[in-house]
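Working notes, beginning with the structure itself.
The values are calculated or read from the model by the stated rules, or taken from the named source; none is laboratory data. Keep in mind the model is a prediction, meaning the values are calculated, not measured. With ideal geometry, Cβ positions are generated from the backbone for all residues, glycine too; neighbour counts draw on all protein chains shown. The protein model used for the area step is the full one, side chains on, heavy atoms only, and it has no ligands, DNA or RNA in it. Shrake-Rupley method; radii C 1.70, N 1.55, O 1.52, S 1.80 Å.
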Amino acid sequence: MLKSLEMKSTRSPFLFLFILLSCHAPDNKRKPSSRSKDVQAIERVILDAYVDGLQNEGDTLKIDAGFHPSFSLVGKKGDGSLRLLPISEWRAYQAERARKGELPRPDSLRVSAEFELVDISDDVAVAKLHYYEGGKQTYIDYITLYRFKDGWKMMSKYYTPVGE
């Protein structure tokens, strides 16, 4: 009888610990789905505001919806110096192209993107994408984003040409 009682008392703490840990274990099922929603939101804002809004259409409403006002494009020039282009200038240039009828782009020159990576840490993310013009890859882009109350916004873009 004593042996039986000892076994029960030994199992009881383990059973209690198992139940306790089961109730308080991280909900791993929730993280992938919320991450997936963030990845989808990031890809959507890049496709809507950058690829379609800025590059293909010159649509200032789409541009404004996805770019933070402090966004800057950063690129390295042939002489090694950096080119910095604020979104306000890039937006104005593309809007002018749209007014002149140069945008939207014809189907043969449309820009598209293929995502290689979207990495998220809390409220900051980076996306690596392959940029195509008319089906030909011309750049690899790295776009940084922050999550705000109204969604993900692009903060900067760094790029490198492909095939030069």
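Modelled spin-label separation between ARG99 and LYS76, with each label point placed 7 Å from Cα along the Cα-to-Cβ direction: 3.6 nm.
Once backbone amide H atoms are built at 1.01 Å from N, PHE67 has MET154 as its partners under 5 Å, excluding neighbours fewer than 5 places away on the same chain.
How big is the charge dipole of the range 90-164 about its Cα centre, in debye rounded to the nearest 20, if each Lys and Arg gets +1 on its Cβ and each Asp and Glu gets -1 on its Cβ?
Numbers: 12 positive and 12 negative charges, 83 e Å.
Computed charge dipole of the range 90-164: roughly 400 debye.
Could you work out the local net charge near GLU116, counting Lys and Arg as +1, Asp and Glu as -1, over the other residues with Cβ closer than 12 Å to its Cβ? Walk me through the numbers on the way to the answer.
Values: positive: LYS128; negative: GLU43, GLU114, ASP119, ASP141.
Within the 12 Å Cβ shell, the charges total -3.
Taking every DSSP bridge with both residues inside the range 46-164, close to 90 percent are antiparallel.
Report the trypsin sites (Lys or Arg not before Pro) located in the range 104-164 that are in a DSSP loop and have at most 13 other Cβ atoms inside 10 Å of their Cβ, or state none.
LYS149
Taken about its Cα centre, the range 28-164 carries a charge dipole of about 320 debye when Lys and Arg each add +1 at the Cβ and Asp and Glu each add -1 at the Cβ.
At a 1.4 Å probe radius, carbon and sulfur cover how many percent of the accessible area of the range 93-164? Don't skip to the end; give the middle numbers.
Values: 2130 of 4350 Å².
With neighbouring chains kept in place, the figure for the range 93-164 is 49 percent.
About its Cα centre, how strong a charge dipole does the range 42-119 have in debye, to the nearest 20, once Lys and Arg get +1 and Asp and Glu get -1 at the Cβ?
Details: 11 positive and 14 negative charges, 74 e Å.
The calculation lands at about 360 debye.
Working note: Karplus 6.51/-1.76/1.60 with θ = phi - 60° gives the range 129-146 the couplings 9, 9, 9, 10, 10, x, x, 9, 5, 10, 9, 10, 10, 10, 10, 9, 9, 10 Hz, where Gly and Pro are set to x. When the C-alpha to C-alpha distance is required to be over 31 Å, the pairs from LYS77/LYS149; LYS77/LYS128; LYS76/LYS136; LYS37/LYS157 that qualify are LYS77/LYS149. Length gained on full extension, ASP107 to ALA92, computed as 0.36 nm times the residue gap minus the Cα-Cα distance: 3.1 nm.
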